[in-house]
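Peer 1: Could you have a look at this structure, given as structure tokens, before my questions?
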Protein chains: 2
Amino acid sequence: MSASPLLDQLIEALRCLPGVGQKSAQRMAYHLLERDREGGVRLAARLAEAMEKIGHCERCRDFSEVPVCPLCASPARETQLLCVVETPADRLAIELATGYRGLYFVLQGRLSPLDGIGPRELGLDLLAARLAAGDVGELIIATNPTVEGEATAHYLAQLARQHGVRPSRLAHGLPLGGELEYIDRGTLAHAFGSRSEIPS
Amino acid sequence: MSASPLLDQLIEALRCLPGVGQKSAQRMAYHLLERDREGGVRLAARLAEAMEKIGHCERCRDFSEVPVCPLCASPARETQLLCVVETPADRLAIELATGYRGLYFVLQGRLSPLDGIGPRELGLDLLAARLAAGDVGELIIATNPTVEGEATAHYLAQLARQHGVRPSRLAHGLPLGGELEYIDRGTLAHAFGSRSEIPS
């Protein structure tokens, strides 16, 4: 296609990135070659290193290049609080938005029997062992408010109760800055039903 | 930020890609780590190789990892036709859309004195030498229909005439599939003025 087979190969390889089609891949390749070769070289090195060295933390299953990630190893975190999330991105979102100082457990997915994702694929045996060890007082379930996320939450709540751990989940309701008129019915019904008294 | 410094570095490095901000970079890194490590490794290798080996063809200035690109070296192309484009992407677009079988010259930019881009930066000495050699019969000027592109086209046309080469440029007019009502005034005026008789 282009005058350079190496360039064609680079464009093809860039398409493995999510949301990048032929046109974007082309634009990215040209941009790097024309204006940012240094950035391209750095990206290549970072990419190779990350793909090779990043595995999963053996405690929380988040991405980590060491056996136990810095967050799990930190003595500053409260070990009796454990927050379960679906993905590393969810963990990061909670970490950035809240003042939460407990630990996390990353499922790396959600229960989805049709796709062959059961408790084992989500490392729930590891979670059960942790709950059985008796360190955890509250299991904060922060799966997504989707059908599969809710099913996973239900399963996790049962697991917690089996081990005498109190399960909790994030509040549902109106998002801040949202307009009532445009909120979906399910959320509005939930927010209405879960209304709380205004303290005087 | 995340549980892995290497991951943070990868996310930072991905931001050198055009149109990729913090959120997209994060999504890309997670996608590669979770679902396509092989693609990530391949991308790293292609990127490193491309950044190191791709230079410019010494005849057409397009990207090439060999001194003379395959297109310039091809005996199947008509050497008396030379098409000047601003970027490699423009060359590729013409190559894919038209049946053009001549050669190309890639400016890798356009005249823009305020940005310090003059004839030398666009390799016009190389182009002048090629025109002086007498092989070229027609210089097809395919710079973009922008103010700077038009100025560059004007300069190129003069250069061609100086060397006794016939300059031509791409037709302006209505784009196929466009609606008259929504065409900008300049284009419409040009299309109206350049109307051609319908052969019987």
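Values quoted throughout were computed directly from the atomic coordinates according to the rules given, and no laboratory measurement underlies them. From a predicted model like this one, the values you see are computed outputs, not experimental measurements. For neighbour counting, all protein chains shown are included, and Cβ atoms are generated from backbone atoms with ideal geometry for every residue, glycine included.
Peer 1: Compute and list, largest first, the equivalent-ellipsoid semi-axes of the range B:1-97 from the alpha carbon gyration tensor, each √(5λ) rounded to a whole angstrom.
Peer 2: One finds semi-axes of 38, 14, 12 Å for the range B:1-97.
Peer 1: Hey, another quick one. Apply the Kirkwood formula to the range A:69-200: the hydrodynamic radius equals the inverse of the mean of 1/r over all pairs of different alpha-carbon atoms; give it in Å with one decimal.
Peer 2: Numbers: mean 1/r = 0.0617 Å⁻¹.
16.2 Å is the Kirkwood radius here.
Peer 1: Still on this structure: When we measure straight from the Cα of residue A:23, which aspartates and glutamates land under 13 angstrom away, once same-chain ones fewer than 8 places off are left out?
Peer 2: Straight-distance partners of residue A:23: A:8, A:12, B:90.
Peer 1: Per Stokes-Einstein, at 4 °C and 1.567 mPa s, what whole-number D in µm² s⁻¹ belongs to the protein assembly as shown, with the Kirkwood radius over Cα pairs as the hydrodynamic radius? Walk me through the numbers before you get to the answer.
Peer 2: Numbers: Rh = 26.0 Å.
The Stokes-Einstein estimate is 50 µm²/s.
Peer 1: How would you classify the range A:5-53 from its alpha-carbon gyration tensor, with a ≥ b ≥ c the square roots of the eigenvalues: rounded for a/c under 1.5, else prolate if a/b is greater than b/c, otherwise oblate?
Peer 2: Details: a/c = 1.90, a/b = 1.26, b/c = 1.51.
It comes out oblate by the Cα gyration axes.
Peer 1: R0 = 25 Å: FRET efficiency of residue B:38 with residue A:22, Cβ-based, nearest 0.05? Display every interim value, and only then the final one.
Peer 2: Values: r = 20 Å, r/R0 = 0.81.
For residue B:38 and residue A:22, the calculated efficiency is 0.80.
Peer 1: Give me B:187, B:98, A:143 sorted ascending by neighbouring Cβ count inside 10 Å, so fewest comes first.
Peer 2: On the way: B:187 15, B:98 11, A:143 24.
The order, fewest Cβ neighbours first, is B:98, B:187, A:143.
Peer 1: Can you list, shortest first and in nm, the gaps between the label point of residue A:170 and those of its counterparts in the other copies, using a point 7 Å from Cα in the C-beta direction?
Peer 2: So the distances to the same position in the other copies read 4.8 nm.
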